[in-house]
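Single-structure report; data block below.
Computed from the coordinates by the stated procedures, all read-outs in this text should not be read as laboratory data. Note that this is a predicted model, so its numbers are computed, not measured. Note: ideal-geometry Cβ built from the backbone for every residue, glycine included; neighbour counts use all protein chains shown.
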Amino acid sequence: MDHFLHLLSSGLARGAVFAVFALALVLIWRAARIVNFAQGAMAAATTYVAFAVTAATGNYWLGLAAAVLAGALLGLVVERGVMRHVARQSPLNSVIVALGVVMVLQAVLGIAFGNDYTPMRVPFSMEPLWVGGVPLLSPYDLYVIGAVAMLLLALGLLFTRTAVGLRMRAAAFAPETSRLLGVPVSRMLTLGWTLSAAVGAFAAVLVIPTELGLNPHATDTLFVYAFTVAIVGGLDSPVGAAVGGLVVGVLLSLVTGYLGSTLAPIAVLVLLVVVLLVRPAGIFSARQVRQA
Amino acid sequence: MSAGVVAPRAGTPPEAAGEPLLDVAGLTAGYGGTPVLHDVALRVPAGDVVAVVGANGAGKTTLLRALSGLVRPRAGTVRLGGADLLAVPVEHRVRAGLAHVPEGHGVIAELTVDENLRLGGLWRGGGRDLRDAVDEVYALFEPLARRVASPGHQLSGGERQMLAVGRALVSRPRLLLLDEPSLGLAPRVVADIMAMLRRLCDDHGLTILLVEQNVRSALSVADVGVVLHLGQVVATRPARSLLHDDALRHAYLGF
Amino acid sequence: MSAHSRIDARAARWRPGPTLRRLALTVLGLALAITATLALEPYRAYQAAVVAAYLCATAGLTLLVGRGGQLSLGHAALMAAGAYGFGLTSNALSAADVAGPVRLLVPLAVGVASAAALGALLGAAGARLRGPYLAGLTLAVVVAVPAITSTFSRTLGGDRGLWIEIERRPEALRPYVGAEQWQAWVALAAAALVLFVLGNVGSGSAGRQIAAVRDDEAAARLAGIDVTRVKVATFTLSAAAAGLGGAVLAYVTQIANPGAYSLVFSLFLVVAVVVGGLGSLAGAFWGALLLVALPELTSSVTDALPVSAGLAQRLDGNLAVLVFGVLLIVLMIAAPRGIQGALTAARRRDMRPRRPARGATPAPGPAAQTQGDPAARAPTAG
């Protein structure tokens, strides 16, 4: 039972990060109707930035800030430099081009840093705290949960309370009408990529030190988890991404704890197949709204 | 002219007497191969309601889309208040005073009534001025005031049309382009909408360019009627005289 | 509609023709290719075998992506299914002292069947999905391959892979034909079979159904096409071709290991079909050739560069990935029809300066023009 509580609570911490990474996918999907298959590789690149800055300055927080900024910049470059020029006649085209971005980024990282794992330091202990004789969350888990909660709150406020958030939502839902109303739709699209890549960078810096380890391919599995989260929650739904993240995080934590970590990707695959067969639009999809 | 949402903005020079607010000449536009509009000329005097009528496929929607920039014309000039409109990017035409309510009203179903309305005035930035404009629309269209927080997809057809026009008004337009506001609405609701347009014109001095397939309703509120046939203007007359010109009606309007 | 019925009529009139002609072309091409291997050094013959094995997979993938409009990132995993199916069967037969052609053909068939079964499952799960969803599902499969091989490491050999006991070339041929030549023959025969079958499917009524489903599912359904069945069948066929490629590769290399069937390799396969031209079987050949030639080229470039040992090690492998990635982005943006599209266009300009006007029929959508058209006329690659 103690073991179960420990797995459950640490699963929530992992799930919180998956939720954020999935949210980054949802942001681009809503803005551009593109599943950004390059998001994992982009986040790997920005995590190397965090690593380099932290190594040079000795300051974790500077590294985190640098990663988020680098993410925003990378999102801008990928959208303006590449994705914008893809013909949209088939939805596959943008997926294939994003795969090209994955290959370029991973190859550049491999050439610059090598394919070996690089250890990363974190500012808080990963040893679980004991509460009433039960090992629960570690200080690092608490930090992750707090950081994710603040990010979600900030994004929620941005989209519901600010003019730019309203413009971004309008541009995503109805680009043509939005242009007639004076919304610079193309700039909103770029902003969506920038924001999404920054959010993805943030999530990767939180999760890579704990389980994946830094490596050019570190985020391949993270992307698969996030994709699963987005499918479970529905690609259209930010709330779905949050809930889906927690579900996948707890599932992975339980599978890893009871059956071994090698089974984690298989468990996610099974979950993905089941959700796709049973409810392809996701559990929290805003589908009814879209059909109105 | 009373103050309110549709009053001209400060700093906008009043139109010179006799000069139309919208002046279209030689407009040719289309999609891909063959043009839909041929050499269209059109003048909309300030403070008038002009109705463009014609059969399905006459080019009415293309005309409005060319004016608001969604279709790039191949030839011709479009001047709004004397300024060249074609040089202005689509996103900036609302700043020039142009509001386009597109076919099928263009209410964004996922946003609430209030968000839809605010979107109309965001180009000026937020703040007090925007709030005032939105409140004036609520005063003008009371049904909307009761549904402030409802998402667009929950509204009735008439409410949606109201919301679309209201959102256009929030942008404080000089010229309102309306594409088939009667589409899919019950006759009673259509009558209400047309009466509302007339009121906006008479009481608030709004200039309206309306395209309609519902010829009778449109001409009953319009000052001037323009008959569009296969992409060409075949008649421009006072609306009343058009309604009573049997030959023209039979030839181009099918009733 | 009139254009459609015209094509139907023409297809009906010529139906026996193209199949026989394709068979003759395939046999001729295979004979030429087999003869050509005799002139090759052993290493080049081995490379020819690898190209042929890759060609099975790229041909299957190009059918799926170009004609079917379904993107799979899991074709490396499907090849792995073929390789492990082949390896386990071959080892079991060897343990049971079975020898002769049976020890080659049965494992190959089992490899194809395993990949087809996995493909049918994925196709069914993905049948209701559109592009990005299916791509994500198949991505999850390929990422799970190492997890699967290490979970069942007792059977599958874990990370080190599965060594395979294979049937070697027949006794009678040994004085005349090298081991590598024989492997190339087997691989070429497999590739010829795949090209013949896929070429027939692609140009027949099945191909039209596949393209109809890609272009507009709702319209295809109204036309009486069972959309789900077509999608699952396309995926299964494509998976079977990839499985044969994996089985042949296992035969040629005598090993099945998870590292060879990684996500990166799946991406390479996607690059290959894009470079060749989506939907084109001849393009699938160009792509398979590139998959073997380009890494060799980049590593010889790396060897020639005066760089430190560390950098050389980091460049090795990564440089090829970088070039493939850049190629993929540039091609998708600048020339989405690939090499074969360019060749076909050039040939058409030479032979038929002007195509008859289509009259009042509206032109098909741009997707149909860029993707479907060139492949319909693509001959087999031989």
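Details
- Calculated FRET efficiency for the pair A:Trp61/A:Val134, C-beta based, R₀ 30 Å, to 0.05: 0.45
- Gap separating the Cα centres of the stretch B:188-237 and the stretch A:1-70, nearest whole Å: 56 Å
- Lys, Arg +1 and Asp, Glu -1 on Cβ, resulting dipole of the stretch C:146-202 about Cα centre, debye, nearest 20: 60 debye
- B:Asn56/C:Leu121 FRET efficiency (R0 41 Å; Cβ-Cβ; nearest 0.05): 0.25
- The label point for B:Leu183 and the one for C:Arg160, both projected 7 Å from the Cα toward the Cβ, are 7.0 nm apart.
- Dipole of chain A, positive end: most advanced residue of A:Tyr48, A:Ala241, A:Leu259 [Cβ charges, Cα centre]: A:Ala241
- With contacts taken as Cα pairs under 8 Å at a separation of at least 6 residues, chain C carries a relative contact order of 30 percent.
- For residues of A:80-89, the mean tally of beta carbons on other chains within 10 Å: 3
- Average other protein chain Cβ within 10 Å of Cβ, residues A:261-272: 5
- Percentage of interatomic Cα-Cα distances in the stretch C:164-261 larger than 25 Å: 41 percent
- A:Thr160-B:Ala75 FRET efficiency (beta carbon distance; Förster radius 51 Å; 0.05 resolution): 0.65
- Debye log10 I(q)/I(0) at q = 0.08, 0.15 Å⁻¹ for chain B, Cα point scatterers: -0.29, -1.07
- Separation of alpha-carbon centers, the stretch A:147-225 and the stretch B:37-113, rounded to whole Å: 34 Å
- Per-residue shielding of C:318-328, expressed as the average number of other chain Cβ atoms within 10 Å of the residue Cβ, stands at 6.
- Per-residue Cβ neighbour rank within 10 angstrom, fewest leading, C:His75, A:His3, B:His100: A:His3, B:His100, C:His75
- Where trypsin sites (Lys or Arg not before Pro) in DSSP loops with at most 13 other Cβ within 10 Å are excluded, longest remaining stretch of chain B: B:147-255
- Using distinct alpha-carbon pairs, which all enter the 1/r mean, Kirkwood radius of the stretch C:16-376 in Å: 21.2 Å
- Options A:Asn115, C:Leu30, C:Ala99, ranked by Cα towards positive dipole end of the protein assembly as shown, top entry (Cβ charges): C:Leu30
- Counting DSSP beta bridges with both ends in chain B, the antiparallel % (nearest 5): 55 percent
- Taking the C-alpha atoms only, the angle from helix C:16-38 to the longest principal axis of chain C is near 30 degrees.
- Student exercise, the protein assembly as shown dipole from Lys, Arg, Asp, Glu Cβ charges, in Debye to nearest 20: 2100 debye
- Local electrostatic count, C:Gly317, Cβ distance below 14 Å [Lys/Arg +1, Asp/Glu -1]: -3
- Unit Cα scatterers, Debye sum, the stretch A:2-291: log10 I(q)/I(0) for q = 0.09, 0.10, 0.14, 0.15 Å⁻¹: -0.42, -0.52, -1.03, -1.19
- Take every DSSP beta bridge whose two residues both sit in the protein assembly as shown; close to 60 percent of them are antiparallel.
- Measure of compaction for the protein assembly as shown (Cα Rg per 2.2 N^0.38 Å): 1.08
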